Amino acid sequence: MVQRACGAAGFVPDVVAQCTDYASTLAIVRAGGGVALVPELALDADARDGIVIRHTVRPLRRYVSVQRSSGGDTTVAHLFIESLREAGLRVGAS
């Protein structure tokens, strides 16, 4: 995501570390260790303390695909898809 966003802005970032945990990523940023792209859903009130938040000029999109197996109970799959849809609507409204 970072490579794609920076490429769209016309530059290549100097990446010196990677972290897949948002809480750890924000702790590194809070300590002055760099900048990060973090989804809006990962930024609760506590996560925002001590950091400056900037939005990208153009929204970054991530597409999620769901495939379910045929047969069996589809209730869980429907609940999962509905949860994703609601989360997307919440973020899109902010």
Karplus 3J(HN,Hα) series, Hz, for segment 24-38 with 6.51 cos²θ - 1.76 cosθ + 1.60 (x for Gly, Pro): 5, 4, 5, 5, 5, 4, 4, 7, x, x, x, 10, 8, 9, 9
Specify whether the C-alpha gyration tensor of the chain places it in the rounded, prolate or oblate class, a ≥ b ≥ c being the square roots of the eigenvalues: rounded for a/c under 1.5, otherwise prolate if a/b is larger than b/c and oblate if not. prolate
At 222 nm, what helix-only mean residue ellipticity would the chain give, in deg cm²/dmol to the nearest 500, using -39500 (n - 2.57) for each DSSP H run of four or more? -12500 deg cm²/dmol
In segment 55-84, trypsin sites (Lys or Arg not before Pro) in a DSSP loop with at most 10 other beta-carbon atoms within 10 Å: Arg61, Arg62
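No lab work stands behind these numbers, since they all come straight from the coordinates. In this text, all values refer to a predicted model and were calculated from it rather than measured experimentally. Positions of Cβ are backbone-derived with ideal geometry, glycine not excepted, and every protein chain shown enters the neighbour counts.
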